[in-house]
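Laboratory data are not the source of any read-out in this text; all were calculated from the coordinates shown. Because the structure is a prediction, the values reported are computed rather than measured. So basically every Cβ, Gly included, is an ideal-geometry build from the backbone, and we count neighbours across all protein chains shown.
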Amino acid sequence: MNRFAITVAGLWCLAVLPAQGADLRERMRAAQAGGVKITEAQASDLTLTLTEASVRPIQTWIRTVGTVDPGGRTISARLSTLEADGLQVGQRTRSFAANARTQMHQGKTVKVLRQTGGVLVQATLADQGHSPGARYLMEIVVERGPYLSIPNVSIIEDGGEQVAYIEMQPAGSGLYAPRSIRTGLKGELYTEVRHGLFERDRVVSIGSFFVDAEEKLKAPGQDMCSITPPSNEHHHH
């Protein structure tokens with residue numbers, strides 16, 4: 001095919017993308033209703049990992065900058081009311097010097113004082129030797145309660161839809177199927193699932209994007225741009 005014919009084919013492909021793209025994902029989902037097969041070799045190469053959907057505590061972290069108090073044993077920070085949502089006395093804290101992020105100083109909140117325009121929080125520093133006035137990055141761990149949840153990395157955003165891949169029965173078959181889900185609270189590591197999964201469903205965590213790609217690649221037929229464009233009777237040889 002000469003350059004003119006290739007150009008025509010390319011333009012035709014671009015022209016059909018909007019027309020056919022709207023239902024492509026749904027056709028792929030229907031075509032793969034029986035699941036996508038992942039071989040043992042692929043699973044080994046990917047370190048494919050499965051995690052059960054289960055009821056577990058979801059944690060969010062409040063991040064701020066605190067200043068070491070004069071005694072060197074506590075650290076204080078000011079937060080807006082919105083930032084301090086869920087903050088309570090007794091929550092675990094982790095503090096890091098800006099120039100030493102690998103060194104973590106553990107503690108817990110000992111004071112939460114609500115003031116006009118914000119909240120003052122004070123936390124202990126479990127170790128010693130902190131310089132008064134030093135500014136530390138501070139993380140406060142907030143337990144949001146138990147929810148049916150899966151790892152954040154298991155969730156694929158697909159054209160406005162959220163999808164997780166579940167292991168099909170029998171266990172160990174190497175078959176995985178997409179499941180449309182609806183989520184709620186998002187934590188640092190896990191996200192609440194409000195619809196679409198049951199407790200003890202096993203979802204792909206490590207390797208989920210590969211499984212999704214395999215499903216799309218194995219959809220029957222050709223992709224849109226491999227379809228032969230309309231013939232052009234005026235080819236020039």
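Quick notes
- Taking 30 Å as the straight-line reach from the Cα of residue 216, the lysines in range (excluding those fewer than 8 positions away in the same chain) are 37, 186.
- Between residue 110 and residue 56, the FRET efficiency estimated from the beta carbon spacing at R0 = 22 angstrom works out to 0.20.
- FRET efficiency estimate (nearest 0.05) - Cβ-Cβ, residue 185 to residue 49, R0 25 angstrom: 0.65
- Taken along the Cα-to-beta-carbon direction at a fixed 7 Å, the label points for residue 82 and residue 194 span 2.1 nm.
- Percent RCO, i.e. relative contact order, over region 59-144, from Cα pairs under 8 Å lying at least 6 residues apart: 45 percent
- Ordering of 35-44, 58-67 by packing [mean C-beta count within 10 Å, highest first]: 58-67, 35-44
- A simple packing score, the average count of other Cβ atoms within 10 Å per residue, orders the peptides 165-171, 194-200 as 165-171, 194-200, with the highest score first.
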